[in-house]
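Below: the structure, in structure tokens.
The values are calculated or read from the model by the stated rules, or taken from the named source; none is laboratory data. All values derive from a computational prediction rather than experimental measurement. Heads up, the Cβs are rebuilt from the backbone with ideal geometry, glycines too, and the neighbour counts pull from every protein chain shown.
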Amino acid sequence: MGDTAKQRLSDILAAAIPSSHPHKYRVHYLQSTPSKHASLYPGRQRTPKSPSKASSTTCQHHLLLLSYEAKFIYAIEVLIYKTPDSRPIIYVSKADTTGYAPVSISRPVTTAFLEYLVNVTGGGNIQLFARSQPQYIFPFSASNGRKHVLDDIQLIKWWLRVLSPLNGVGKVYIPGVAKRKLESYYPDKGKWECEPPGGTEGLAKDLIPVFPDDPKARFLHDLKGDGLLGTTTVKQFWELMEHRQECSSGRLVGFISMSVDHTVRVETEAHVVVNEKQFIRAYEMILNGEYSSEEAASGATTKWIEAILAIISKEIKDLWGFELIPSGKESEQINAGVKRPVDEVKPVNMLGGTFVRKKPKK
């Protein structure tokens, strides 16, 4: 293909961090093979009354982990859904850090990884649900004394800053927050609209996608149980969502999406790919680790990396892990030796939409 270019993930991540950055990291990237998945839209899912609605949707898992001095510092899980008749959906399932990073690189790395996935898929729609939680991927990391959870507004603003450099058209909706107030959260750069995913016209069951651990999915399930799924419009759905416990318990949550076109069609280098069962098992192994101390985190990190190395075939063992050596241009995101505002330089932790800063040392 004339518009296909070779693009290395290692180069994209390295270019996201200025070359003056004094630290080096190691990256482990695990994928699953695409597998069949039910339609993301309840109105299109197969039922006993409509067995002909066989799904053509596939789902592929992506897990990126960064380590520093043999300890995991960051992880992000992304699910990519594809159907023949629509653009891919790139769902940010969970993201987390341990607090052991020497300096914050989570935001530029997250942006770079999502940019890579957009280019791999040829463009798509990124979606996520921003909800503050103490931890998602790294067990007991919230008790290691290195984390401070940002409030809900700071978290939502952070995710908007992650996505804005992708130059897509973004939508953000915070139940219970007026449009003018929400617009004050927008970054200086980027195109953002105050609108929930799925738009405002049509039936909710046909236009609102559902994902794992998703409040939209739980609400649609409840509507189905109440016999209202077939009549509830998108507008009614979001009006009622404001009164759901997850959105009305005094906390702010953000439904964020961005439609992004690819900048270049890429043919990526080989990565470590396992089947879906192996991927799920690998993910469960992380959730059984412990990150309450640097010693425990180092042990859990080494154990997990070696466990994955043991299950992959001999032919791809050399692909397991690569060095991340910063090589990017200077920017105001990260620049060693130059003082920045406090919220820009402290290590961070994002938890499935949660963002946590490392506490300063006394």
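Structural remarks
- Candidate set from the range 130-161 (those that are of a type in the set (A, V, I, L, M, F, W, C) and in a loop (DSSP other than H, G, I, E, B)); member that is surrounded by the most Cβ atoms within 10 Å (Cβ to Cβ): Phe138
- The residue that is surrounded by the most Cβ atoms within 10 Å (Cβ to Cβ), counting only those in the range 49-72 that are at pLDDT 95 or above and of a type in the set (A, V, I, L, M, F, W, C), is Phe72.
- Picking from residues in the range 101-129 that are under 21 Å from Trp304 (Cβ atoms) and among the aliphatic types (A, V, I, L, M), the one that is surrounded by the most Cβ atoms within 10 Å (Cβ to Cβ) is Ile105.
- Which listed residue is at pLDDT below 95, part of a helix (DSSP H, G or I), more than 19 Å from the chain's Cα centre (by Cα) and more than 23 Å from Phe211 (Cα to Cα), from Glu332, Glu306, Glu267, Glu315: Glu315
- Residue list for the range 169-184, filter: surrounded by 14 or more Cβ atoms within 10 Å (Cβ to Cβ) and part of a helix (DSSP H, G or I): Leu182
- Among the residues making up the range 144-163, those that are touching a residue at least 24 places away in the same chain (Cβ under 8 Å) and among the charged types (D, E, K, R) are Arg146, Lys147, Asp152, Lys157, Arg161.
- Flag for Glu201 being modelled with pLDDT under 95, over 25 Å from Gln45 (Cβ atoms) and either surrounded by fewer than 16 Cβ atoms within 10 Å (Cβ to Cβ) or touching a Phe, Trp or Tyr at 6+ places or on another chain (Cβ under 6 Å) (or both): no
- For the range 127-140, the count of residues that are closer than 15 Å to Thr111 by Cα and in contact with a helix residue (DSSP H, G or I) (Cβ under 8 Å, 6 or more places away or on another chain) is nonzero.
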